[in-house]
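J.: There's a structure below that I have some questions on.
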Amino acid sequence: MPGDGIGPEIIAEGVKVIEAVADKNNFKIDWVTYNNGADKYLKTGELITEETLKEIKQTCKAIYLGALGDPRCKPGILEKGILLKTRFYFDQYVNLRPIKLLGGVDCPLKGKGPKDINFTVIRENTEDFYVGIGNRAKIGKSKQELEVIRDLYKVKFNLDIENTDEIAYQIGVMSKQGAQRVIKYGFELAKKEKVETAYFVDKANVLSDIYGFWRENVEIIAKQYPKIKHEFMFVDAITMWFVKNPEWFKVVITPNMFGDIITDLGAMIQGGLGLAPGGNINPEGISMFEPIHGSAPKYKGMNIADPLATIWAGAMMLDEIGQPKSAEIIVKAIESVLKEGKVRTKDLGGKNTTSEMGDAVVKKL
Ligand code: IPM
Ligand code: MG
């Protein structure tokens with residue numbers, strides 16, 4: 001699903017690299033292209049239909065997404081109507097975001113190198129303030145009904161609103177199962193990687209209902225992992241520590257909205273948005289892989305965007321669909337291109353094109 005803006009250009013490079021590695025390692029990928037995005041929406045009014053999602057469910061192993069978002073559409077239409085819709089439909093409850101500074105990349109943090117910035121953020125991906133329920137109410141009395149319907153549960157809010165000024169509100173929801181499954185995923189990763197301390201993000205000092213509940217569920221799951229320490233950090237504080245002492249972190253587990261925020265910061269300390277990949281994972285279902293940056297409409301069609309985040313996301317996809325060796329060599333190839341420093345896109349201070357960067361990775365493979 002190439003998507004909008006620079007999406008098609010960077011996905012083309014990702015596909016090129018995956019084809020090269022598949023050739024080398026003797027497997028074959030069948031691609032099906034879904035052109036959901038701004039153009040299709042503006043022409044037909046379609047974001048992504050249940051039929052399309054069902055078809056993907058029945059025929060595909062994973063989704064490789066470029067980026068969504070276009071200035072011709074109101075903010076949120078494509079993001080909510082396609083990206084979040086797909087994350088929720090496939091119940092991709094883990095958003096996996098490696099924050100790793102590769103060799104050869106300039107780090108904006110003074111004195112920090114690849115050894116210091118090498119961790120994974122696990123962002124809950126279906127709940128919290130992302131459930132999409134909120135509304136506005138004009139002055140006076142009104143009733144509003146809001147519903148969240150998920151595979152795991154159904155919640156209905158019946159609101160009697162009485163207000164003397166116009167208001168808007170947004171409701172965050174966290175469920176016990178929804179929180180526990182991602183917390184468990186985090187502890188499992190910590191166990192696999194022999195991590196001493198898993199860090200959990202919240203804002204339990206202010207939003208104490210929702211994030212107090214998060215903490216409670218962390219404590220419950222932590223009992224199953226007596227060898228792994230766990231530490232809570234407020235979201236404002238963790239942004240400070242990401243900058244000051246990133247070497248503390250190996251595994252960071254966070255509710256959805258804070259995860260969105262801290263992973264853009266994470267992207268910067270790993271060398272910029274051009275280098276930050278992500279996976280929307282359903283460990284039992286269909287996962288979706290994408291760069292964490294957006295569609296950068298002003299660079300559309302110019303062949304200057306850095307495709308490395310997308311190529312790296314492609315490697316994560318291969319890992320998830322049972323080709324871990326291929327995943328590993330793609331990341332190694334990216335790193336050798338960066339270390340060599342001969343081919344650099346604009347974001348890395350160079351003049352090379354998107355496709356030259358893709359070619360450079362293929363050559364290293
Ligand atoms: C991200 C993006 C999305 C999010 C937007 C585009 C809906 O910022 O993947 O981090 O907030 O999750
Ligand atoms: Mg984001």
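The values are calculated or read from the model by the stated rules, or taken from the named source; none is laboratory data. The shown structure was predicted, so the numbers you read here are calculated from the model rather than taken from an experiment. Note that we place each Cβ from the backbone using ideal geometry, even for glycine, and neighbour counts take in every protein chain shown.
J.: Which ranges mark the helices (runs of 4 or more DSSP H) fully within the stretch 199-292 that have 1 or more residues being over 30 Å from K54 (Cα atoms) and within 16 Å of ligand 1 (Cβ to nearest atom)?
T.: Per the criteria, 235-244, 256-269.
J.: Report yes if E162 is in the same structural domain as W248 (by TED's automatic domain parsing) and farther than 25 Å from G76 by Cβ, otherwise no. Lay out the reasoning, then the answer.
T.: Working: in the same structural domain as W248 (by TED's automatic domain parsing): no; farther than 25 Å from G76 by Cβ: yes.
The answer is no for E162.
J.: Another question about this same structure. Between a first residue in the stretch 169-188 that is over 27 Å from N158 (Cβ atoms) and a second residue that is modelled with pLDDT under 95 and not in a helix (DSSP H, G or I), which pairs have beta carbons less than 9 Å apart while being 6 or more apart in sequence or on different chains?
T.: R181/L152
J.: In the stretch 118-136, is there at least one residue being modelled with pLDDT of 95 or more, surrounded by fewer than 18 Cβ atoms within 10 Å (Cβ to Cβ) and closer than 30 Å to S336 by Cα?
T.: Yes: one or more hits.
J.: Could you give every pair whose Cβ atoms fall below 9 Å, whose first residue belongs to the stretch 57-80 and is more than 14 Å from T310 (Cα to Cα), and whose second residue is within 12 Å of ligand 1 (Cβ to nearest atom) and of a type in the set (S, T, N, Q), counting only separations of at least 6 or pairs across chains?
T.: Pairs found: G69/S295; D70/S295; L78/S295.
J.: Moving on to the next point. For F200, are the conditions met, namely being surrounded by 12 or more Cβ atoms within 10 Å (Cβ to Cβ), assigned by TED's automatic domain parsing to the domain that holds M257, under 26 Å from Q92 (Cβ atoms) and in contact with a strand residue (DSSP E or B) (Cβ under 7 Å, 6 or more places away or on another chain)? Lay out the reasoning, then the answer.
T.: Numbers: surrounded by 12 or more Cβ atoms within 10 Å (Cβ to Cβ): yes; assigned by TED's automatic domain parsing to the domain that holds M257: yes; under 26 Å from Q92 (Cβ atoms): yes; in contact with a strand residue (DSSP E or B) (Cβ under 7 Å, 6 or more places away or on another chain): yes.
Considered against the rule, which asks whether it is surrounded by 12 or more Cβ atoms within 10 Å (Cβ to Cβ), assigned by TED's automatic domain parsing to the domain that holds M257, under 26 Å from Q92 (Cβ atoms) and in contact with a strand residue (DSSP E or B) (Cβ under 7 Å, 6 or more places away or on another chain), F200 comes out as yes.
J.: Checking D264 against (1) within 15 Å of ligand 2 (Cβ to nearest atom); (2) surrounded by 23 or more Cβ atoms within 10 Å (Cβ to Cβ), which test does it fail?
T.: Evaluating D264 over (1) within 15 Å of ligand 2 (Cβ to nearest atom); (2) surrounded by 23 or more Cβ atoms within 10 Å (Cβ to Cβ) leaves (2) as the failure.
J.: Being crowded, with 19+ Cβ neighbours inside 10 Å, more than 14 Å from ligand 1 (Cβ to nearest atom) and either in the same structural domain as Y185 (by TED's automatic domain parsing) or hydrophobic (A, V, I, L, M, F, W, C) (or both): is that true of F90 here? First the steps, then the outcome.
T.: Values: crowded, with 19+ Cβ neighbours inside 10 Å: yes; more than 14 Å from ligand 1 (Cβ to nearest atom): yes; either in the same structural domain as Y185 (by TED's automatic domain parsing) or hydrophobic (A, V, I, L, M, F, W, C) (or both): yes.
In short, yes.
J.: Moving to a separate point now. Hey, I56 hits all of (1) closer than 16 Å to A313 by Cα; (2) touching a strand residue (DSSP E or B) at 6+ places or on another chain (Cβ under 8 Å) but one; which does it fall short on?
T.: Condition (1) is where I56 drops out.
J.: Mind listing whichever residues of the stretch 71-84 are within 14 Å of K40 (Cβ to Cβ) and surrounded by fewer than 21 Cβ atoms within 10 Å (Cβ to Cβ)?
T.: Of everything in the stretch 71-84, those that are within 14 Å of K40 (Cβ to Cβ) and surrounded by fewer than 21 Cβ atoms within 10 Å (Cβ to Cβ) turn out to be R72, C73, I77, G81.
J.: Report whether or not I292 is within 16 Å of ligand 2 (Cβ to nearest atom) and on the phi < 0 side of the Ramachandran plot. Steps first, please.
T.: On the way: within 16 Å of ligand 2 (Cβ to nearest atom): yes; on the phi < 0 side of the Ramachandran plot: yes.
Yes, satisfied.
J.: Give all pairs with beta carbons closer than 8 Å in which a residue from the stretch 105-126 that is polar (S, T, N, Q) meets a residue that is modelled with pLDDT under 95; count only pairs at least 6 apart in sequence or on separate chains.
T.: Final answer for the pair search is T126/R150.
J.: For residues that are of a type outside the set (G, A, S) and either more than 22 Å from the chain's Cα centre (by Cα) or not assigned by TED's automatic domain parsing to the domain that holds A67 (or both), tally how many sit in the stretch 35-48.
T.: Step one: filter the stretch 35-48 for residues of a type outside the set (G, A, S), giving 35-36, 39-44, 46-48.
From the residues that got through so far, the ones that are either more than 22 Å from the chain's Cα centre (by Cα) or not assigned by TED's automatic domain parsing to the domain that holds A67 (or both) too are 39-44, 46.
The number of residues fulfilling the criteria is 7.
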